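See below for the structure under consideration.
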């Protein structure tokens, strides 16, 4: 059974070599290092989960959410360069949650939080996804994916939202009518309407992409701005080119 997810698809499209190192050579445990933005993002997601699951609607306040975040933060403080760096990321997380509380209806009770779902595409292809949140409205189900990074319209993926909706459709009898990203740093929503005629093209496209991955024999590296975050840069066949590109980008951003 070949298992695919939006995350794995994005990695392959960003850099087939990184995909190979991670999912074929299984080198992630050996080379991956903690990242501050990943630690912060995980804490924000888990704090919102705890907030809705553990706190009664009438008792939900920013102060309560802040305490939940601080408790979560103590459990994992990995990836920060130093105390000042950790404080900076912590303040970002607090600002996101404060804005979230002030701009959203925190008395709602989502029907699902931070769960994994899957759906069969074919007899030997399964699509997986971790869904941050599902709300139930009069129109049906609303799938929500939290984002702790910056909103960049060029990088917004309707496909990922459609895949999440397709997965939930296979697991729920109530129809999905909308799927959204919520960019927590600015409380910006990006939504797409969901209808049944959306799923067949998405399914066909996913199968085609899986077949492309399966038939790839070379997994050529793609040098890009994302190389600066890659854990495998030292063993990459294009390590020198990637480092040169990163240095050039750094100079363009901060010419001396």
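No lab work stands behind these numbers, since they all come straight from the coordinates. These numbers were taken from a predicted model, which means no experiment stands behind them. Because the Cβ atoms are built from the backbone with ideal geometry, glycine has one as well, and the counts that use them run over all protein chains shown.
Before moving on, here are some points about what is shown:
- Only Cα pairs under 8 Å and 6+ residues apart enter the sum, and on that basis the relative contact order of the chain stands at 21 percent.
- Spatial separation of Cα centroids for the range 31-94 and the range 138-188, in angstrom: 22 Å
- Over 19 Å [Cα-Cα, the range 19-155], rounded percent: 62 percent
- Ranked packing of 184-195, 216-227, 25-36, most packed first, by mean Cβ within 10 Å: 184-195, 216-227, 25-36
- With q set to 0.13, 0.22 Å⁻¹, the log10 of I(q)/I(0) for the range 33-103, from the Debye formula over equal scatterers at the Cα positions, is -0.35, -0.91.
- Take the convex hull of the alpha carbons in the range 130-256; its mean projected area over all directions comes to 10.8 nm².
- Semi-axes of the equivalent ellipsoid for the chain, Cα gyration tensor, largest first, Å: 31, 28, 16
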